[in-house]
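Everything below concerns the one structure shown next.
The values are calculated or read from the model by the stated rules, or taken from the named source; none is laboratory data. Source: prediction; values computed, not measured. Cβ coordinates were reconstructed from backbone atoms using ideal geometry, including for glycine residues, and neighbour counts include every protein chain displayed.
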Amino acid sequence: MASAFFKLDCRVYMVKCSYEQKPFRREVMRTYGASVTPSPSMSTAIGKKINAEHPGTTGSLGCAISEAVEAAVTHEGYRYVLGSVLSQVLLHQSIIGLETQTALRQLGVKPDVIIGCAGGGSNLGGLISPFMGEVLRGEAQYRFIAAEPASCPSFTRGRYAYDFCDTGRVCPLQKMYTLGADFIPSASHAGGLRYHGMSATLSELYAQGLMEAVALKQTDVFEAAQFFARTEGILPAPESSHAIRATIDEALKCKAEGRTETIVFGLTGTGYFDMTAYQSFNDGTMSDFVPSDEDLAASFAKLPAIPA
Ligand SMILES: Cc1ncc(COP(=O)(O)O)c(C=O)c1O
């Protein structure tokens, strides 16, 4: 994940861990003209503060957001853009859901379950929005499932509370499922989706019981990615592979219970830029990290004291 601010050129603050784990994504951005800085960096005041408070940290999207915002507001003519979490990004990505809805109608297929991976929630929000509209208007029933990493389990283990969208606490508060703005996922996590919070829109739908969520370990996710690649000939992004894992699990449940269901999932990206992560899975060196309740409690203790 990355966070950026623009002028005629584009400067990107890329989560340090992704900068190192995903060198080809970094190089694609540089090829198109962006300058890419690993975050937290020493080029902003907030980056220096985060580095001082968390020596050797591998960063998080929350840190990259703080740095990009600071850089944008201190450089004349620049604007900050965020690629996930906020409602306008979900609105933009609703094109995915509208196209899916149209394609399914043309094929005469009605899904039972719709599954998407969830980092900040934009692709999932975009995919489900037209279908959720049908549910809210009482026109149809679907199950919606968010597939998130067990190493960054915002929905399944987070608090529904007001929190900062960024680690430097320069952005406005948002009511959302959150692990705390200080939460930094383990560097051993290679599957993306490293945001501490979740879209406010999806958070409200989850709080109302209109959506479900599952947390998945990365070795199980890469096993599903490998199976999908060998079966379909498509190499999926690690992020998308969370949705693939959840879809396989749902299909296996149906099989065990003798039911048939139509399951739709979002395939959000290619895995060709993520071969370092695939390499560690293929070599058997990939490990799983699940934060303990104590880890999360320490992070929740720093949530702003605002009644939810
Ligand atoms: C390929 C891919 N899919 C999905 C995501 C998840 O983001 P979001 O939850 O905002 O859709 C990312 C985030 O960087 C990504 O790179």
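Assigned by TED's automatic domain parsing to the domain that holds Gly120 and at negative phi: which single residue out of Ile96, Ile46 fits that description?
Being assigned by TED's automatic domain parsing to the domain that holds Gly120 and at negative phi holds for just one of Ile96, Ile46, which is Ile96.
Are there any pairs, at least 6 apart or on different chains, whose C-beta atoms fall under 9 Å, with the first in segment 19-40 and at negative phi and among the charged types (D, E, K, R) and the second surrounded by 19 or more Cβ atoms within 10 Å (Cβ to Cβ) and assigned to a helix (DSSP H, G or I), and if so, which?
Qualifying pairs under 9 Å: Glu20/Arg26; Lys22/Ala277; Arg25/Ser18; Arg25/Tyr19; Arg26/Ser18; Arg26/Tyr19.
Just give me the residues in segment 134-173 being crowded, with 16+ Cβ neighbours inside 10 Å, hydrophobic (A, V, I, L, M, F, W, C) and either farther than 30 Å from Val73 by Cβ or assigned by TED's automatic domain parsing to the domain that holds Ser60 (or both), in sequence order.
Val135, Phe144, Ile145, Ala146, Ala147, Ala150, Phe155
What number of residues in segment 91-120 are touching a residue at least 60 places away in the same chain (Cβ under 8 Å) and farther than 22 Å from Gln141 by Cβ?
Total satisfying the criteria: 3.
With the condition being closer than 17 Å to Ser84 by Cβ, I'd like the strands (runs of 3 or more DSSP E) fully within segment 153-234 carrying at least 2 qualifying residues.
159-164, 173-178
Does segment 256-267 hold any residues that are surrounded by 11 or more Cβ atoms within 10 Å (Cβ to Cβ) and farther than 23 Å from Gly191 by Cα, and which are they?
Those that are surrounded by 11 or more Cβ atoms within 10 Å (Cβ to Cβ) and farther than 23 Å from Gly191 by Cα: Glu261, Thr262.
I'm trying to understand the selection: among the residues of segment 264-297, which are assigned to a helix (DSSP H, G or I), in contact (Cβ under 8 Å) with a residue 60 or more places away in the chain and among the small types (Gly, Ala, Ser)?
Ala277, Ser280, listed by residue number.
Go through segment 257-272 and count every residue that is within 11 Å of the ligand (Cβ to nearest atom), among the β-branched types (Val, Ile, Thr) and touching an Asp or Glu at 6+ places or on another chain (Cβ under 8 Å).
Number satisfying all stated conditions: 1.
Could you give me the residue pairs with C-beta distances under 8 Å whose first residue belongs to segment 249-263 and is closer than 18 Å to Cys117 by Cα, whose second residue is among the basic types (Lys, Arg) wherever it lies, and which are 6+ apart or on separate chains?
As it stands, the answer is Thr262/Lys110, since those pairs meet every condition given.
Regarding segment 251-262, can at least one residue be identified that is among the basic types (Lys, Arg) and either under 24 Å from Lys16 (Cα atoms) or part of a helix (DSSP H, G or I) (or both)?
Checked against the condition, which is being among the basic types (Lys, Arg) and either under 24 Å from Lys16 (Cα atoms) or part of a helix (DSSP H, G or I) (or both), segment 251-262 yields at least one hit.
Just one of the numbered conditions (1) in contact (Cβ under 8 Å) with a residue 60 or more places away in the chain; (2) within 14 Å of the chain's Cα centre (by Cα) is not true of Ser154; which one?
(1)
Suppose we keep only residues that are among the aliphatic types (A, V, I, L, M) and surrounded by fewer than 18 Cβ atoms within 10 Å (Cβ to Cβ) within segment 268-290. Which one would you say is farthest from Phe164 (Cα to Cα)?
Met275
Determine if segment 227-235 includes at least one residue that is away from the ligand (no atom under 13 Å from the Cβ) and in contact with an Asp or Glu (Cβ under 9 Å, 6 or more places away or on another chain).
no
All but one of (1) assigned by TED's automatic domain parsing to the domain that holds Pro153; (2) modelled with pLDDT of 95 or more; (3) surrounded by fewer than 17 Cβ atoms within 10 Å (Cβ to Cβ) hold for Asp293; which doesn't?
With respect to (1) assigned by TED's automatic domain parsing to the domain that holds Pro153; (2) modelled with pLDDT of 95 or more; (3) surrounded by fewer than 17 Cβ atoms within 10 Å (Cβ to Cβ), Asp293 is out only on (1).
Answer with yes or no whether Ser66 is surrounded by fewer than 24 Cβ atoms within 10 Å (Cβ to Cβ) and polar (S, T, N, Q).
So Ser66 does not fit the description; no.
What number of residues in segment 174-199 are modelled with pLDDT of 95 or more, among the aliphatic types (A, V, I, L, M) and more than 13 Å from the ligand (Cβ to nearest atom)?
1
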